[in-house]
1. Test residue 268 against the stated conditions and say whether it is at pLDDT below 65 and in contact with a helix residue (DSSP H, G or I) (Cβ under 9 Å, 6 or more places away or on another chain).
2. Sort through 51, 34 and tell me the only one that's in a loop (DSSP other than H, G, I, E, B) and surrounded by fewer than 22 Cβ atoms within 10 Å (Cβ to Cβ).
3. Identify the residue in the range 193-215 that is out of contact with any strand residue (DSSP E or B) (no Cβ under 6 Å at 6 or more places or on another chain) and modelled with pLDDT of 85 or more and, among all such residues, is nearest to residue 102 (Cα to Cα).
4. Going by what's in this entry, would residue 24 be described as within 17 Å of residue 313 (Cα to Cα), modelled with pLDDT of 95 or more and surrounded by fewer than 21 Cβ atoms within 10 Å (Cβ to Cβ)?
5. Out of 127, 56, I need the residue that is modelled with pLDDT of 95 or more, buried (at least 22 other Cβ atoms within 10 Å of the Cβ), within 19 Å of residue 163 (Cβ to Cβ) and in contact with a helix residue (DSSP H, G or I) (Cβ under 6 Å, 6 or more places away or on another chain). Which one?
6. Scan 95, 107 and give me the residue that is within 14 Å of residue 14 (Cα to Cα), in contact with a strand residue (DSSP E or B) (Cβ under 8 Å, 6 or more places away or on another chain), outside any loop (DSSP other than H, G, I, E, B) and in the same structural domain as residue 206 (by TED's automatic domain parsing).
7. Of everything in the range 6-31, what is out of contact with any strand residue (DSSP E or B) (no Cβ under 9 Å at 6 or more places or on another chain), touching a residue at least 12 places away in the same chain (Cβ under 8 Å) and part of a helix (DSSP H, G or I)? Give them in sequence order.
8. Which of the numbered conditions does residue 185 fail, given that it passes all the others? Conditions: (1) at pLDDT 70 or above; (2) closer than 30 Å to residue 110 by Cα.
């Protein structure tokens, strides 16, 4: 598609069991686009929802020609559902946003102004939302998110902004590079940071969910963190080698201690110290094997070359 045929703006939102909040989300996004003017499209992706999310979005697509409803064959997870939406959007600029209204779509005009180069500043390739406050989230979630962003900042060479999710505005050049990256275990905010260009923050207060419940329970948060770390850092592998050398040195020292004690005729009780050494060394070995296995598992998934996602239906927008 030539640039002349592209809409000026695309809004892409992955959805999973969002039947309660989706009508309000579409209403607010539509109002923002009406205020901005120009050609636009709204891509909403049903990530294998178990409620009436697909019915809501397909009916909305029948009423509003700007809305494109995409249904995946099954639940692929937030990052791959988002990738599916990004792969079919056509805008010169693309707003990535969740449908739960925690990230206000009304910030879009400010993001566009920053991308254009507001107040005499240079134009930006990416404008990302940086959270100043997180309403409606537990102390555990806020503190664990803070630890995660600081940890990944320490482990990676890529400068990934802290307190920033996937809520961002990107231009077509950045999006094309992102879509060319074939990773299956995707950490999109990190991938966008890796691309580079001029990326500027828009500080905002994150709201509580308008309806429904969080789609990121503890288990998914842990898997997401593991994908992020293994996608952008080999520090755990390097740490496993370092710890291996330390454990080998301790084992060798214990061996020398045992030989010297035997030569001197010392009465070595043996059992406690031996079991402690075996337990310590065995535990560290299994830990290091687990780290290596995590990386090998991701290499195995990637080597199969299966499609990242499977689209079942696309409704609306002349598709």
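The values are calculated or read from the model by the stated rules, or taken from the named source; none is laboratory data. Predicted model, so just to flag it, every value in this text is computed and none were measured. Quick reminder, even Gly has a Cβ in these numbers, built from the backbone with ideal geometry, and neighbours come from all protein chains shown.
1. Numbers: at pLDDT below 65: yes; in contact with a helix residue (DSSP H, G or I) (Cβ under 9 Å, 6 or more places away or on another chain): yes.
Yes: the conditions hold for residue 268.
2. Details: 34 fails: in a loop (DSSP other than H, G, I, E, B).
Matching residue, one of 51, 34: 51.
3. 193
4. Here the answer is no, as residue 24 does not meet what is asked.
5. Values: 56 fails: within 19 Å of residue 163 (Cβ to Cβ).
Matching residue, one of 127, 56: 127.
6. Values: 107 fails: within 14 Å of residue 14 (Cα to Cα).
On inspection, the qualifying residue turns out to be 95.
7. Those that are out of contact with any strand residue (DSSP E or B) (no Cβ under 9 Å at 6 or more places or on another chain), touching a residue at least 12 places away in the same chain (Cβ under 8 Å) and part of a helix (DSSP H, G or I): 23, 24, 28.
8. (2)
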